Amino acid sequence: MKVIIARTLPAAGLDKLKARFDVACGGLPLDQGWLLRHARGASAIVADPTVPIGGDLLDLAGDSLRVVSNFAVGFDNIDVDAVRERGLRATNTPDVLTNATAELAVALMLAAGRRIVETDQIFRRGDWAGWEPEQFLGHELAGATVGLVGFGRIGQRVAELLSGFRARIVFADAHPMDEAAARHGAQRMDLAELLAASDYVSLHVNLTPQTRHMIDAAALARCKPGAILVNTCRGGVVDTAALVHALRDGPLAGAGLDVYEHEPAVPQDLAALPNTVLVPHIGSATRTTRDAMAELCADNVIAVLDGGEPLTPVV
Ligand code: 8YV
């Protein structure tokens, strides 16, 4: 059976697939032409969030195709209705990246709150004239209200990590999440309430038509003056132009961002602002996590091609 890897997969998963199947990798960067040429006759396609998977590609693969295995927890790149309509399966890699992503969210809260990148740059440029009593004042997590938008696996792990910081945790989620709320001592609010109450707002939702631009100009206007926004989920959840405005003219004091609306383009308006911490989609970028993601991605392919249930299906 033929397995097509749209780009690349770490060896932890790739070697498992190579041991069982005829594997071809498109390599980096994504070459759509290669993918279209090689999809025909594939039993499985391994994709990631940079690889759009639509009905046309599924049809091109033909009757042999059984599964699309995404190397990511997010699956906004996959047309899940097209997968479902064709009786195929799609899988993702939840759980294994929860901690890495949650740790990055906390790192961005601290970096933006304590102005770590801004002051690092001032220092490196030789622009520091010496210590002053009220210089470079930032924000602490202790005593702050942290609003988690989305209280799934990653949001809950952020709450757990923050317990030592003595922050108050509030969350907005489509589901009541009563048990998790009790476990983390977190209070559920609707989004508007959360934005008005939070010193830090951290986003942990899937990108869907409902969440696209969920954080728009109106939402940002509701934020507390001096609040910090952290985004480690998907760039499309935030309206970038509105974010730039809120960082320039208030109410936001800063933002820590891992994801962008038009990756890999660097949003120049955000880059020009001193109160942003910008990292290039590194939420799951640790050796341990990427290997675990690759293994799970491969195990999903193997499970389906062996005629079984995928381990972590989205369809
Ligand atoms: C990955 C991610 O780094 O899992 C996701 O949804 O965005 C990140 O963990 C990226 O997708 C690489 O595949």
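Throughout, read-outs are computed from the coordinates displayed, never taken from laboratory work. Note that the structure is predicted; figures quoted are calculated from it, not measured. We place every Cβ from the backbone using ideal geometry, glycine too, and count neighbours over all the protein chains shown.
Summing charges over all other residues whose Cβ lies under 12 Å from the Cβ of Gly155, with Lys and Arg as +1 and Asp and Glu as -1, gives +1.
Of the trypsin sites (Lys or Arg not before Pro) in region 66-142, the ones in a loop by DSSP (not H, G, I, E or B) with at most 11 other beta carbons within 10 Å are Arg125.
Comparing Thr289, Thr119, Thr276 in a Gaussian network model of the chain (Cα springs below 10 Å), the most mobile by mean-square fluctuation is Thr119. Residue by residue, region 192-199 carries 3J(HN,Hα) couplings of 4, 4, 4, 5, 6, 9, 9, 7 Hz when phi is fed to the Karplus relation 6.51 cos²θ - 1.76 cosθ + 1.60 (θ = phi - 60°); x denotes Gly or Pro.
Please sort by residue number the trypsin sites (Lys or Arg not before Pro) in region 142-224 whose DSSP state is loop and whose Cβ has at most 13 other Cβ atoms within 10 Å.
When the trypsin sites (Lys or Arg not before Pro) of region 142-224 are filtered for loop state and at most 13 Cβ neighbours within 10 Å, Arg166 remain.
Using the alpha carbons alone, the radius of gyration of the chain stands to its Kirkwood radius in an Rg to Rh ratio of 1.02. Taking Ala107, Ala298, Ala44 in turn, the Gaussian network model of the chain (Cα-Cα springs below 10 Å) assigns the largest fluctuation to Ala107.
Amide H contacts under 5 Å for Val201: Gly147, Ile228, Leu229, Val230, restricted to partners 5 or more places along the chain or on a different chain, H placed in the peptide plane at 1.01 Å from N.
Give, to the nearest whole percent, the P(r) tail of region 98-278 beyond 28 angstrom, counting all Cα pairs. Cα-Cα pairs in region 98-278 separated by more than 28 Å: 20 percent. Calculated FRET efficiency, Phe136 to Asp249, Cβ-Cβ distance, R0 = 25 Å: about 0.70 to the nearest 0.05.
Near Val205: Cβ cut-off under 9 Å, other residues only, Lys/Arg at +1 and Asp/Glu at -1. The net charge is 0. Ranking of Cys297, Cys25, Cys233 by neighbouring Cβ atoms within 10 Å, starting from the fewest: Cys25, Cys233, Cys297. Ranking of Ser198, Ser64 by neighbouring Cβ atoms within 10 Å, starting from the fewest: Ser64, Ser198. Under a Gaussian network description of the chain, with springs only between Cα atoms under 10 Å, the residue in Asp120, Asp31, Asp76 that fluctuates furthest is Asp120.
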